[in-house]
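A quick write-up on the structure given underneath.
The values are calculated or read from the model by the stated rules, or taken from the named source; none is laboratory data. The model shown is predicted, which means the values in this text are computed figures rather than measured ones. Note that we place each Cβ from the backbone using ideal geometry, even for glycine, and neighbour counts take in every protein chain shown.
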Amino acid sequence: MQVITNTTARVFYMAAALSLAGSGAALADLTHKQVWEGLREWSLAFDQLAAAETALVEGDTLVLTAVTMTSDADGTRTVFSIPEMRLQQVDADSVTITMSETGDIRSTSEARPFVPATDATLRLDLSNTQITATGAPEQMAFASRSDEIVLTLESLTQDGVAKDVSFEMSFADLAEDSVLTLNEGVGFTSDSRVGAIAISGAGSAAEGESGQFEGQINGFGVTASMENAQLVGESDTLTAAALEAGFAFDANVGSESSQFSFAQEDFMGTSTGNVSMGPSGFGFAMGGTNMAMDIELSALDIEGTSPMSPAPIDYALDELSFSIDMPMVATPDAVPFSAGLRMLGVTLGDEFWSVFDPSAAVPRDPASIIVALSGMGRWDTDIMEDEAMDGEAPGGEVESLAINELAMSVGGAELTGEGAFTFDNDDLTTFDGMPRPEGRMGLTLRGGQSFMNALVAAGMLPQEQAFFGQMMLGALAQAAGEDYYVSEITVTEDGRVLANGQPLPF
């Protein structure tokens, strides 16, 4: 289904470009010809081509027929087509745009290693969709509203063979408010809301194999901004040069709740799954030297069955978040980077636990992990360039790393820590090819002995391995209370590794 997912994203991106560009060009006493030229200017900023078979004036309305938006990228051509678009001049600084209620999208891609040639056709149904634009040619504000937009897969072939696949995605109660800027560069800001998104699909891949899925996302929203968008169109891809020249992008996607389910039949039997989430979001930004991304999920609940699982799957967590902020281009000096992970309130269902620990020897307290890192580093090459992506891992240097927070809890045990290190990238001999670190890290462990004993009692950890773990704990840590240990690991300037001031015993 990857081709469908990619095509869906591209289709709505192009549909937005059509409405955005058309609305902007029709403002401030602009002629209909200038309206159409404005559309082409906007589309070309994203390396796309807008065209119409005819353009006729009917009173105060420019009527475009057989409107297309064509995009070519990475061996894939996508063509969005709609029979008619009408641009009506309301007054000197206002225009409304309406479109045919039905359009189509065709996406074709060339065969690549391990990827078949693909030809997909989708139908786009628009219900009561209208754009109202106001402003001036250099900066235009517009409001888009639609009762419903539905995208339906009409046909799919791979290497010329028709696939038995169905797919539909609907967007209900859409609203978007945006500002388009056309000065020395192309930029925009956008705030989009969708009341509900419904998705469903089914298909069969071989004799006796079939599957189906459905889902719904409620309270979906997107905010986005972009500066100097034309720099991407000029190169057909995002490059370090575009970032250095001023391209910047920032987007945040969120939803109030979502639910998904699937069922699959194959030679092994039937598998089912249900996933639900509370408020969740995704953020992504690029600009200057760095890229930043963050993901947040809440109230995640996963239930399912599988012939390969000895018990029903029942997994839940209160919070999952991941963030990273890192350089993307080569710099002469080190720049800041950071990364973080939070998994809070992880639990497994009692039926699943009963298979591995029927006596309940291991405490079933919710598990959690928190990691927060920051530091200074740099790349030797621009990691977005094709040479860096296709070749070996790009080289670089880490000058410093801080473990700002480390916290793990599971089965009644809790490990916490913090520390910081610097790295001498000129010394690659002391630690056999690794830059020599210098710094310290403090660790505390509560309930570790009890946790290992519980694992042994449950038959999940052999006694000899638990004994080895206890020996290591005694060598690296100091007792600070009942089942409570502390340790400070230090790497000195001359490369010695110490545990609580003493050389490691191994």
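Some values worked out for this structure:
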{"read-out": "Yes/no for ALA133 being surrounded by fewer than 16 Cβ atoms within 10 Å (Cβ to Cβ) and assigned by TED's automatic domain parsing to the domain that holds ALA175", "value": "no"}
{"read-out": "Odd one out for ASP365, checked against (1) modelled with pLDDT under 95; (2) assigned to a strand (DSSP E or B)", "value": "(2)"}
{"read-out": "Residues satisfying the stated conditions in the stretch 170-201, i.e. over 23 Å from GLY283 (Cβ atoms) and either in contact (Cβ under 8 Å) with a residue 12 or more places away in the chain or assigned by TED's automatic domain parsing to the domain that holds ILE131 (or both)", "value": "SER170, ALA172, ASP173, LEU182, ASN183, GLY185, ALA198, SER200, GLY201"}
{"read-out": "Qualifying positions in the stretch 71-97 - closer than 23 Å to VAL115 by Cβ and surrounded by fewer than 16 Cβ atoms within 10 Å (Cβ to Cβ)", "value": "ASP72, ALA73, ASP74, GLY75, ARG77"}
{"read-out": "Test: residue in the stretch 159-180 that is at pLDDT below 80, in contact with a helix residue (DSSP H, G or I) (Cβ under 9 Å, 6 or more places away or on another chain) and not polar (S, T, N, Q)", "value": "yes"}
{"read-out": "Residue list for the stretch 93-150, restricted to those being at pLDDT 85 or above and aromatic (Phe, Trp, Tyr)", "value": "PHE114"}
{"read-out": "Residue list for the stretch 324-353, restricted to those being surrounded by fewer than 16 Cβ atoms within 10 Å (Cβ to Cβ) and part of a helix (DSSP H, G or I)", "value": "ASP350, GLU351"}
{"read-out": "Yes/no for ASP294 being farther than 30 Å from GLU209 by Cα, of a type in the set (Asp, Glu) and in contact with a strand residue (DSSP E or B) (Cβ under 9 Å, 6 or more places away or on another chain)", "value": "yes"}
{"read-out": "Residues located in the stretch 56-70, provided they are assigned to a strand (DSSP E or B), loosely packed, with under 14 Cβ neighbours inside 10 Å and touching a residue at least 12 places away in the same chain (Cβ under 8 Å)", "value": "VAL57, ALA66"}
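For (1) out of contact with any helix residue (DSSP H, G or I) (no Cβ under 6 Å at 6 or more places or on another chain); (2) farther than 20 Å from THR189 by Cβ; (3) at pLDDT 90 or above; (4) among the small types (Gly, Ala, Ser), each residue gets a yes or a no:
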site: GLY22; (1), (2), (3), (4): no, no, no, yes
site: LEU27; (1), (2), (3), (4): yes, no, no, no
site: LYS33; (1), (2), (3), (4): yes, yes, no, no
site: VAL90; (1), (2), (3), (4): yes, yes, no, no
